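The values are calculated or read from the model by the stated rules, or taken from the named source; none is laboratory data. It should be emphasised that the depicted structure is a prediction, and the values quoted were computed from it without experimental measurement. Here the Cβ is made from the backbone with ideal geometry for all residues, glycine too, and neighbour counts use every protein chain on show. Accessible surface areas use protein heavy atoms only, side chains included; no ligands, DNA or RNA. Shrake-Rupley method; radii C 1.70, N 1.55, O 1.52, S 1.80 Å.
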Amino acid sequence: MKTRLRASLVIVGLALLSATPAAPRFVRHIDLLAVHLFRPLDAGLVALRARMSAPPPAPPPSGLDERVARGLAARDAVLRSGAEVVAPGRPQAVARVVVLDLHQRLLLIDAGTGVELSPGDPVLAGQYGVGRVRHAKDGVAVVETPFTPEARFAGACAGEEGKPAVRLVLTGLAGREWAAAVANPERLSGLEAGRDAVTPETGDLVPASIPTLPAGLRLGGIERDLKLARAGREAFCLRPRIDLAELDAVVVLLSHAPPSPAPSSFFVDQVARLSCGLASHWRDGANLTGFGLPEGGVVEVSGSFAGTIEAAFAGIARVRGAFDPGQDLLFLVMAEDSVFPLRARTAAVAEDGGDMTFLSGERVPRPGDLLVTTGRGPHVPRGLKVGTVLWSEGETFHVQRQAAPPETAVHVVWRRGMPDDPWKD
């Protein structure tokens, strides 16, 4: 009796310890060590499946890769449209948005290995001025926006036709809202709620050595600051016109020309997939064997996105599947007539894919639309196929993944040279 009690206390103690951030790695991922016990059984299942193999599934529709390439080219053309107007001839690079710091309103972007990003380089998205590079390393950069607390940007309130714009200073406000204070306008009477804020010419105010955003870009909309209005003060603030959280990529105006041809930024390694032993509540996951696999690495099967590595230890990596319920994900929708970002929540997993719930975007996907990855995540490339929309009803739609036989090779993709802590200068 005492032995059982002691064993129970040890198990409970290890469980509590594994839940703490300070727990040793082997304790936090002790369940992955247990997966090794399943490997003999897994080998038997693989051999049995080889004897009873069914005919391979139908090949994917022809031209799917070409459709993805055309869609990405069309999306990049939209993102580059502003740069071609305000800075023609200047070197530029499309950089995927890796992650957002919603508290500081900062963006982490990746322009690729070999692309030299410099502090102060302007960052654009179409006709919209996103911000400027704060610091960069190995093609990965932190971008501050006009809404970053204490960051200062030059702006102007666009005037009516025939009237000059009123130049002002924009300072990001602390708090949870995406807003910037409007200060030091050239004349207060020229400010008007509802007008666009644009980037002005500042050559008569600052020397050319100080990097600024090119003139003629939109920054957001001028609104009355209701917090200060309660105190009897007339003040204005800036709010974005687009949702920066749904940006899949941006364009950086470079100080130095990028290499041509650009070297590959992603490393691809073939791994083995275990058929059993998923010690997890995830219903669309898997376990992989292989050393050196990074957490956050992308699992790719037959050119399609299959999930991301959530934990890796002692030669075992646990994968969270692409359709596991409860994930809020950002995709690019490649429709017949447009390409646009879409935020959706995975709702249910099925044999051929899964159901998703529409959260935000241009519209609910329609049957035939193709979903691909946006590059959100440290090791996620843009343009990996997720699946094709089979049906949609209200806010729910079903995505069918590309079929692949069990013996199909599994690859892990990760961004080579990703800094350990890219947020630090």
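Considering only residues of region 169-187 that are assigned to a loop (DSSP other than H, G, I, E, B) and under 24 Å from Gly126 (Cα atoms), which is least open to solvent (accessible area, probe 1.4 Å)? By that ranking, first place goes to Ala179. Inclusion of Glu295 among residues that are within 16 Å of the chain's Cα centre (by Cα) and either among the acidic types (Asp, Glu) or at pLDDT 90 or above (or both) is warranted. Of the residues making up region 78-92, just one is among the small types (Gly, Ala, Ser) and exposed (fewer than 14 other Cβ atoms within 10 Å of the Cβ), namely Gly89.
Of all residues in region 298-310, those that are touching an Asp or Glu at 6+ places or on another chain (Cβ under 9 Å) and outside any strand (DSSP E or B) total 1.
The residue of region 311-330 that is modelled with the highest pLDDT, among those that are assigned to a strand (DSSP E or B) and open to solvent by less than 30 Å² (accessible area, probe 1.4 Å), is Leu330.
Quick grid of which residues meet (1) part of a strand (DSSP E or B); (2) open to solvent by 50 Å² or more (accessible area, probe 1.4 Å); (3) out of contact with any strand residue (DSSP E or B) (no Cβ under 9 Å at 6 or more places or on another chain):
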| residue | (1), (2), (3) |
| --- | --- |
| Gly159 | no, no, no |
| Ser189 | no, yes, no |
| Gly194 | no, yes, no |
| Gly203 | no, yes, yes |
| Ser209 | no, yes, yes |
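As for region 82-91, it holds no residue that is modelled with pLDDT of 95 or more, within 25 Å of Ala197 (Cβ to Cβ) and either of a type outside the set (Ser, Thr, Tyr) or part of a loop (DSSP other than H, G, I, E, B) (or both).
If I ask for residues that are open to solvent by 50 Å² or more (accessible area, probe 1.4 Å) and among the charged types (D, E, K, R), which ones from region 116-126 would you list?
Scanning region 116-126 gives a single hit, Glu116.
Would you confirm, using the coordinates I've provided, whether Pro341 is surrounded by 20 or more Cβ atoms within 10 Å (Cβ to Cβ) and part of a strand (DSSP E or B)? For Pro341, the condition - surrounded by 20 or more Cβ atoms within 10 Å (Cβ to Cβ) and part of a strand (DSSP E or B) - is met. Against the conditions (1) open to solvent by less than 80 Å² (accessible area, probe 1.4 Å); (2) more than 27 Å from the chain's Cα centre (by Cα), where does Leu226 fall short? Just the number, please. Only one criterion is unmet by Leu226, namely (1). Condition first: in contact with a Pro (Cβ under 9 Å, 6 or more places away or on another chain), on the phi > 0 side of the Ramachandran plot and not small (Gly, Ala, Ser). Now tell me which residues in region 123-166 satisfy that. Scanning region 123-166 gives a single hit, Asp138.
I'd like to know if region 105-115 contains one or more residues that are out of contact with any strand residue (DSSP E or B) (no Cβ under 9 Å at 6 or more places or on another chain), within 20 Å of Glu246 (Cα to Cα), of a type outside the set (D, E, K, R) and surrounded by fewer than 23 Cβ atoms within 10 Å (Cβ to Cβ). No, the conditions are met nowhere in region 105-115.
Within the bounds of region 50-59, is there any residue that is closer than 27 Å to Phe305 by Cα, part of a helix (DSSP H, G or I), open to solvent by 10 Å² or more (accessible area, probe 1.4 Å) and at pLDDT below 95? Checked against the condition, which is being closer than 27 Å to Phe305 by Cα, part of a helix (DSSP H, G or I), open to solvent by 10 Å² or more (accessible area, probe 1.4 Å) and at pLDDT below 95, region 50-59 yields at least one hit.
Taking region 349-401, which residues are assigned to a loop (DSSP other than H, G, I, E, B), more than 17 Å from Leu332 (Cβ to Cβ) and either charged (D, E, K, R) or open to solvent by less than 10 Å² (accessible area, probe 1.4 Å) (or both)?
Pass one, region 349-401, residues assigned to a loop (DSSP other than H, G, I, E, B): 351-352, 362-369, 375-381, 394-395, 401.
The next check asks that each one be more than 17 Å from Leu332 (Cβ to Cβ); those that pass are 351-352, 367, 378-379, 394-395.
Glu351, Asp352, Glu395 - these are the residues of region 349-401 that are assigned to a loop (DSSP other than H, G, I, E, B), more than 17 Å from Leu332 (Cβ to Cβ) and either charged (D, E, K, R) or open to solvent by less than 10 Å² (accessible area, probe 1.4 Å) (or both).
Of the residues that sit in region 127-145 and are open to solvent by less than 10 Å² (accessible area, probe 1.4 Å) and in a loop (DSSP other than H, G, I, E, B), which one is modelled with the highest pLDDT? Walk me through it before giving the result.
Pass one, region 127-145, residues open to solvent by less than 10 Å² (accessible area, probe 1.4 Å): 129-131, 133, 139-143, 145.
When the remaining residues are screened for being in a loop (DSSP other than H, G, I, E, B), the result is 139, 145.
On the way: Gly139: 93, Thr145: 96.
Among those residues, the one meeting the criterion is Thr145.
From Val166, Val250, which residue is at pLDDT 90 or above, aliphatic (A, V, I, L, M) and surrounded by 14 or more Cβ atoms within 10 Å (Cβ to Cβ)? I'd like the intermediate steps shown before the answer.
On the way: Val166 fails: at pLDDT 90 or above.
Going through Val166, Val250 in turn, just one is at pLDDT 90 or above, aliphatic (A, V, I, L, M) and surrounded by 14 or more Cβ atoms within 10 Å (Cβ to Cβ): Val250.
Selection of region 402-425 for residues being open to solvent by 30 Å² or more (accessible area, probe 1.4 Å), touching a residue at least 60 places away in the same chain (Cβ under 8 Å), within 30 Å of Glu144 (Cα to Cα) and in a loop (DSSP other than H, G, I, E, B) yields Arg416, Gly417, Met418, Trp423, Asp425. Taking region 258-281 as the range and being open to solvent by 70 Å² or more (accessible area, probe 1.4 Å), outside any strand (DSSP E or B) and at pLDDT below 85 as the test, the residues that pass are Ser260, Pro261, Ala262, His281. In region 211-227, the residues that are farther than 21 Å from Arg90 by Cα and in contact (Cβ under 8 Å) with a residue 60 or more places away in the chain form Cβ pairs under 8 Å with partners that are of a type in the set (Asp, Glu) and open to solvent by 20 Å² or more (accessible area, probe 1.4 Å), at six or more places apart or across chains, as follows: Gly220/Asp196; Ile222/Glu192; Ile222/Asp196. Filtering region 104-122 to residues that are part of a strand (DSSP E or B) and touching a Pro at 6+ places or on another chain (Cβ under 9 Å) leaves Leu108, Asp110, Pro122. For a quick check of your reading of the model, give me the residue pairs whose first member lies in region 90-107 and is charged (D, E, K, R), whose second is surrounded by fewer than 21 Cβ atoms within 10 Å (Cβ to Cβ), with beta-carbon atoms closer than 7 Å and at least 6 apart or on different chains. From region 90-107, the pairs are Arg96/Arg382; Arg105/Trp178.
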